Protein chains: 2
Amino acid sequence: MSVAPTRVPQQERSRATQARLLEATVECLVEHGWSGTTTTVVAARAGVSRGAQLHHYPTKAALVTAAVAHLAERRAEELRTEAEALPAGPQRLDRVIDLLGAAFTGPLFVAALELWVAARTDRELREALVPLEARVGREMHRLTVGLLGVDERRPGVREAVQATLDLLRGLGVANLLSDDSSRRSALLHTWKRQLATVLAPENP
Amino acid sequence: MSVAPTRVPQQERSRATQARLLEATVECLVEHGWSGTTTTVVAARAGVSRGAQLHHYPTKAALVTAAVAHLAERRAEELRTEAEALPAGPQRLDRVIDLLGAAFTGPLFVAALELWVAARTDRELREALVPLEARVGREMHRLTVGLLGVDERRPGVREAVQATLDLLRGLGVANLLSDDSSRRSALLHTWKRQLATVLAPENP
C-alpha cells in the first residue's frame, strides 16, 4: 500500500517527460531536418536534463524512431476523432481523402520523410526504422479502410486503398518545397470520383 | 583560323570535366546522402582538381543542382530511346509504366529526393532547386505524354498522367529502405488496367 502513491506520480512524470522529448524531437526534425536535430538541441527544447533524456532514449536513433512512432499514434487517434464527426453518405469519402491529404502534408509526414531519407545512408537508424515503417504502414492502411468504411474482402478494394496511400505519399513529397495545394486539390477531386466508383458496393 | 583548333578541344575537355563532376556528384548523393556529399569528396571521386571544380561549380548548391539537371536530361533521353524500342499496341502502356517505375526507383530519383529533403531546411539549396524541380516536373510530364502517345486535350488525360507520376513518386519513396518491388508490381498491374480505360481513344 505504501508503494503505489509514490510510484504512480513518478510514472506519470516519466511519461510526461517522454512525451515532451518526443514532441520536441518532431518539431526539431521539421524545423532543422535530420542533420540539424541533435539530442542536445532536443533536450534543451523539451526542458529536460541530458541525464533524463539518456535514461529514456540512449541514442539519437532510439529518440527519433520513438518520436515518429508516438506522433503516428497520436495522429491516428486524431484522424479517428475527426472522422467520427464526418457525415455518413457519399460526401464522407471526399472528406476522408481531404483529412488524409492533410496528414500527408503535415509535420508527421515531413519528420518521417527526414528519417526515411537519412536512414538510407545510416545503418543504425535504418535498423530501428524499417520495422517501425512496416508497422506504421500496416496501421495506416487499416485506419484508412476503417475511415472509408469499406470491406477489404471485396475485389479491388485493397488495391484501391493502397494506391490512394501511395498517391498521397507522392503528393506529400511534391508539396515539400512549394505549396502544391491547388494542383493537389484538383488531382484529388478526380481521384475521389474514381475511388467512389471502385469502392461502390454495387461494383463487383 | 588559329583560334578554333585549340578552342574546340578545350571546350570538349571542359565538357568532359563537367560530366565527370556531375556524375560523381550523383553517385556520392546515392552512396552517402546529402550530408555525406562534400565538394572535396566529389572532386576526388571525379579525378578533377579543386580549382577546376570551383571554376565550373563555385558552390555545393550549384554542383548538386547541375548534377540533378544533367542526370534528368540523360535519363529522359534514355527513356525516349528505350520507348522507341517498344512495340505499338495495347502492351505499350504496360511497358511504359514499367520503364517509369524503374526510373522512380533508380539513382536519379534517390539523388533528387536527397536534395528535395535537404532543400527544405537549406535556403541556398532551395532557391537553386525550386526552379529546377518545376522544369524537370514539366519535362517529365511532357515526356510521359509522349511515351504513352496520348492526346492531352482529351478530358481526363492530363489528370491521369499527373496521378501516374504522383503515384510513382510515392512508390519511389516506399522503396527507399526496403525492396518494395513485388507490392509495386501488383499495384501497378491494377493501375495499368485503370489507366488503359481512362486513356482509351473511345473513352469520352
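The values are calculated or read from the model by the stated rules, or taken from the named source; none is laboratory data. Note that this is a predicted model, so its numbers are computed, not measured. Because the Cβ atoms are built from the backbone with ideal geometry, glycine has one as well, and the counts that use them run over all protein chains shown. Keep in mind that these areas ignore ligands, DNA and RNA; they rest on the heavy atoms of the full protein, side chains included. Shrake-Rupley method; radii C 1.70, N 1.55, O 1.52, S 1.80 Å.
Quickly run through region B:75-119 and pick out the residues that are free of Cβ contacts under 8 Å to residues at least 24 places away in the same chain and of a type in the set (Ser, Thr, Tyr). Hit for region B:75-119 is B:Thr81, nothing else. Scanning region A:148-164 for residues that are more than 8 Å from chain B (Cβ to nearest Cβ) and either assigned to a loop (DSSP other than H, G, I, E, B) or open to solvent by 70 Å² or more (accessible area, probe 1.4 Å) (or both) gives A:Gly149, A:Val150, A:Asp151, A:Glu152, A:Arg153, A:Arg154, A:Pro155, A:Arg158.
Looking only at region A:25-60, count how many residues are among the aromatic types (Phe, Trp, Tyr) and in contact with an Asp or Glu (Cβ under 6 Å, 6 or more places away or on another chain).
Of the residues in region A:25-60, 1 are among the aromatic types (Phe, Trp, Tyr) and in contact with an Asp or Glu (Cβ under 6 Å, 6 or more places away or on another chain).
Please work out which residue is farthest from A:Asp166 (Cα to Cα), limiting yourself to region A:82-139 and to residues that are outside any helix (DSSP H, G or I) and of a type in the set (Val, Ile, Thr). Going through the qualifying residues, I end up with A:Thr121.
Does region B:112-131 hold any residues that are open to solvent by less than 20 Å² (accessible area, probe 1.4 Å) and under 15 Å from the mean Cα position of the chain (by Cα), and which are they?
Filtering region B:112-131 for residues open to solvent by less than 20 Å² (accessible area, probe 1.4 Å) gives B:112-115, B:117-119, B:125, B:129.
Hits for region B:112-131 are B:Ala112, B:Leu113, B:Glu114, B:Leu115, B:Leu129.
Within region A:165-188, the only residue that satisfies the criterion of being more than 8 Å from chain B (Cβ to nearest Cβ), within 21 Å of A:Val198 (Cα to Cα) and surrounded by fewer than 18 Cβ atoms within 10 Å (Cβ to Cβ) is A:Ser185.
Residues of region B:133-147 that are touching a residue at least 60 places away in the same chain (Cβ under 8 Å) and buried (at least 18 other Cβ atoms within 10 Å of the Cβ): B:Val136, B:Met140, B:Leu143, B:Leu147.
Of the residues making up region B:36-59, just one is within 14 Å of chain A (Cβ to nearest Cβ) and in contact (Cβ under 8 Å) with a residue 24 or more places away in the chain, namely B:Thr37. In the condition set (1) within 14 Å of another protein chain (Cβ to nearest Cβ); (2) over 22 Å from B:Leu168 (Cβ atoms), B:Ala24 is compliant with all but (1). For the structure I just gave you, tell me whether B:Ala196 is more than 12 Å from chain A (Cβ to nearest Cβ) and either touching a residue at least 40 places away in the same chain (Cβ under 8 Å) or hydroxyl-bearing (Ser, Thr, Tyr) (or both). Criteria met by B:Ala196.
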